[in-house]
Amino acid sequence: MQGFLFGTEEQATPVPVDTESSSESLALLYNAAKECRKCRLAETRLNFVFGEGNPSADLVVIGEAPGADEDASGRPFVGRSGQLLDKILLAAGFLREDVFICNILKCRPPGNRNPLPGEIECCRPLLYRQLQIVKPKIILVLGKVAANTLFENSLSLGSMRGEVKKWKEYDCFITYHPAALLRNPNWKHGCWDDIQIMMRHYAQISGQGNAHKMPLNDD
Ligand code: URA
């Protein structure tokens, strides 16, 4: 494969939604959590970044923590990393609005430093509840921090990528964080390998899937 090939918007198939109860549950959870002051990030955040997307999504994407753009807007993955994530999702046959996107931490660590263990533990129950409500078929975990947090290990990203990994009842796929791909474009090849593994798995378990939607255009 030459470069990281991404699909076009026409390639993505909107997923039908029947979301009333999970939508209500997520709204209740958001209202209960949005004023959270469990850790000191509440003192420096501009906005609480709960996550957004389809409340009954087949795919949940989990990143690390809001950056400056996300802190300013209250929405996950809206900066440069978010634009690359949107392209990755399209290449996999998903529109951004079909999936649910969230982070391990809901508030920005100052200067985009790594989340502290105490901050992660404050936020962990909220992430678990989001997953219980959305009940995705697959989870895409972006980067080492998110993967180590979800799986409660300290393994390298390289040792966790490239295969389905079970976490509770969920089938998870771990790949590079888009910010890492922006810094190291050579890693896009590996990311695309991971995404294709995820697409094939999704096609198998859903009996429909997006595996035929191979990307056409170099980017
Ligand atoms: N990086 C993340 O991990 N999450 C975001 O929402 C934005 C950048």
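The values are calculated or read from the model by the stated rules, or taken from the named source; none is laboratory data. Keep in mind it's a predicted model, so treat the numbers as computed, not measured. Cβ sites come from the backbone with ideal geometry, for glycine too, and all protein chains shown count toward neighbours.
Some notes on this structure:
- Residues of the stretch 141-158 that turn out to be over 19 Å from Y128 (Cβ atoms) and either loosely packed, with under 15 Cβ neighbours inside 10 Å or more than 16 Å from the ligand (Cβ to nearest atom) (or both), as a count: 4
- Which listed residue, of A33, A92, A27, A68, is touching a Lys or Arg at 6+ places or on another chain (Cβ under 9 Å), of a type in the set (G, A, S) and surrounded by fewer than 16 Cβ atoms within 10 Å (Cβ to Cβ): A68
- Within the stretch 83-126, being closer than 14 Å to V141 by Cα, assigned to a helix (DSSP H, G or I) and either within 11 Å of the ligand (Cβ to nearest atom) or in contact with a Leu (Cβ under 8 Å, 6 or more places away or on another chain) (or both) holds for L85, L89.
- F173 meets all of the listed conditions (1) within 29 Å of S25 (Cβ to Cβ); (2) part of a helix (DSSP H, G or I) but one, namely (2).
Let's see how each residue does on (1) within 16 Å of the chain's Cα centre (by Cα); (2) more than 14 Å from G53 (Cα to Cα):
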site: I88; (1), (2): yes, yes
site: A91; (1), (2): yes, yes
site: R96; (1), (2): yes, no
site: F100; (1), (2): yes, no
site: K106; (1), (2): yes, yes
site: P109; (1), (2): no, yes
site: P117; (1), (2): no, yes
site: C123; (1), (2): yes, yes
site: L126; (1), (2): yes, yes
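- Within the stretch 38-50, the residues that satisfy the criterion of being of a type outside the set (K, R) and either more than 9 Å from the ligand (Cβ to nearest atom) or assigned to a helix (DSSP H, G or I) (or both) are C39, L41, A42, E43, T44, L46, N47, F48, F50.
- For the stretch 192-209, the condition of being within 24 Å of E70 (Cβ to Cβ), modelled with pLDDT of 95 or more, within 16 Å of the ligand (Cβ to nearest atom) and not β-branched (V, I, T) holds for none of the residues.
- Taking the criterion of being part of a loop (DSSP other than H, G, I, E, B), more than 14 Å from L140 (Cβ to Cβ) and within 6 Å of the ligand (Cβ to nearest atom), the residues of the stretch 63-78 that qualify are A65, P66, G67.
- Qualifying residue in the stretch 159-175 (condition: under 25 Å from R40 (Cα atoms), within 16 Å of the ligand (Cβ to nearest atom) and either under 16 Å from the mean Cα position of the chain (by Cα) or buried (at least 17 other Cβ atoms within 10 Å of the Cβ) (or both)): no
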